[in-house]
Amino acid sequence: MPRLSKRWPHTFLLPALALIVLVFAFVGGPDYYSPRSFQLAWNLGHVVAFMFWACLCLLYFQSLARLSLVRQFALFALAAAIFGALIEIVQSQLGRQASWNDLLSDILGSLLAVSLLSAQRRQIKTALRILIQTVLIMTVVVLHRGFFVALLDDYYARRQFPVLADFSAPFELSRWGGDAAGQLLHIPGNRTVLALKVLLTTDLYSGVGLKHAPANWQGYSFLRLRLYNPAEDELLITCRIHDKQHTQGDQVYSDRFNRRIRLSPGWNTVQISLQDIIDAPASRKMDITRINGLGIFSTRLQQVRSLFISEIKLIRQ
């Protein structure tokens, strides 16, 4: 590997960037309500950070750069494991959760830097080098598959809009959360309609939430839900909708949209005026350009009930 010049930017810029990356290991980052792509990309940052640090070590320390490739792999894997473990320990003392996945990402990042950037990689045959690089990259993809799934589903969500959910896109279930999140099934007696089957329990509150969908509902007049109640008696549910401001406050009941809905047996089409949603908070207007979540849940059911969610869509006047 060529010897570094002692001039700018090597002398100041790269070490400064290394320090900034280290600081981000302990401060900043997403919170619970941050976009999922940002949350998952932040975790992928472990790979990028350790690739960057390993690259700097190869650039600045010629004794490391001259080691054999096998020794570089072993040394950088060990160093990443030790340094990564120390970071996880410190993070756990700062209110963050230590993660084995993060530690593995640290090691993978270091090994990727060696396999892609070390001058000693030419010691081995091209086919073997490509195989090692491919295995490392695929391991990163598998370990952080949630990030790549989120990117793909965000793309489909933008294409589907103003449909918020109809379960026609791959990975669409990744937009949903909640204790009652179920599985995709066909409506009983109808093999052409695919829907999300939700099992509502007898807990105080039981339901699902659409957490990841386009947030700007401006320009639409109604929210339409297509729901199927497979039982022979009515089912009482609640639909709640909140914006980003609600999540940043005390999240009180009166600061969001809540509507009780009585579902008859069979198909039900529920249509909600967006003006009602805008006017729902008691002391302000709902910001429909920054909708942050939609929930469908039951309250104190006497027995477990099922519900099928077929479509959620915004429609114009």
Q.
Placing one identical point scatterer on every Cα of the chain and ignoring solvent, what is log10 I(q)/I(0) from the Debye formula at q = 0.08, 0.09, 0.11, 0.13 Å⁻¹?
A. -0.53, -0.64, -0.82, -0.98
Q: Could you calculate the contour length gain from Phe171 to Ile82, that is, 0.36 nm times the residue separation minus the distance between their Cα atoms, to one decimal place in nm?
A: 28.4 nm
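Compare the peptides 66-74, 99-107, 184-192 by average per-residue count of other Cβ atoms within 10 angstrom and give them in order, highest first.
Numbers: 66-74: 15.4, 99-107: 18.2, 184-192: 11.4.
Output ranking for 66-74, 99-107, 184-192: 99-107, 66-74, 184-192.
Projected area of the range 248-293, taken from the Cα convex hull and averaged over every viewing direction, in nm²?
So the mean shadow area of the Cα hull is 4.1 nm².
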(Q) Bins of 10 Å, beginning at zero and ending with the bin holding the largest distance: percent of Cα pairs per bin for the range 150-226, please. (A) 17, 44, 33, 6
Q: Evaluate E = 1/(1 + (r/R0)^6) for Ala16 and Gln183, where r is the Cβ-Cβ distance and R0 equals 35 Å; express this FRET efficiency to the nearest 0.05.
A: 0.10
Q. If the chain between Thr289 and Tyr205 were fully stretched, how many nm would it gain, using 0.36 nm times the residue separation less the Cα-Cα distance?
A. 27.5 nm
Q: Quickly rank 232-238, 220-226, 272-278 as a protection proxy: mean count of other C-beta atoms within 10 Å, highest first.
A: 220-226, 272-278, 232-238
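First measure r as the distance between the Cβ atoms of Ile278 and Leu236, then evaluate 1/(1 + (r/R0)^6) with R0 = 25 Å and state the FRET efficiency to the nearest 0.05. Let's see the in-between values first.
Working: r = 25 Å, r/R0 = 1.00.
Working from the Cβ atoms, E equals 0.50.
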Q.
Can you compute log10 of I(q)/I(0) for the range 165-315 with the Debye formula, treating each Cα as one identical point scatterer, at q = 0.14, 0.19 Å⁻¹?
A. -0.67, -1.24
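Using only helices, what value at 222 nm comes out for the chain when you add -39,500 (n - 2.57) per DSSP H run of length 4 or more and divide by the total residues, to the nearest 500 deg cm²/dmol?
Result for the chain: -13000 deg cm²/dmol, rounded to the nearest 500.
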Q: Using the charge dipole of the chain (Lys, Arg: +1 at Cβ; Asp, Glu: -1 at Cβ; taken about the Cα centre), state which of Ser174, Val270, Thr238 has its Cα farthest towards the positive end.
A: Ser174
Q | Cα-based reach from Lys211 at 22 Å (exclusive), listing lysines while leaving out same-chain residues under 8 positions away | A | Lys197, Lys244, Lys285, Lys313
Q) Each residue of the range 222-227 in order: what ³J(HN,Hα) in whole Hz does its phi give by Karplus 6.51 cos²θ - 1.76 cosθ + 1.60, θ = phi - 60°, with x for Gly and Pro? A) 9, 10, 10, 10, 10, 10
Q: Between Gln62 and Gln93, take the C-beta separation as r, use R0 = 35 Å, and let me know the FRET efficiency to the nearest 0.05.
A: 0.45
Q. Stretched out fully, how many nm does the piece from Arg129 to Leu194 gain, at 0.36 nm a residue minus the Cα gap?
A. 18.9 nm
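Please say if the range 40-85 is rounded, prolate or oblate, where rounded means a/c under 1.5 for a ≥ b ≥ c the square roots of the C-alpha gyration tensor eigenvalues, and otherwise the choice is prolate for a/b larger than b/c and oblate otherwise?
On the way: a/c = 2.67, a/b = 1.81, b/c = 1.48.
Here the range 40-85 falls in the prolate category.
Every number here is computed from the coordinates shown, using simple stated rules; none is lab data. Only a predicted model underlies this, so the values are computations on that prediction, with no experimental measurement involved. We place every Cβ from the backbone using ideal geometry, glycine too, and count neighbours over all the protein chains shown.
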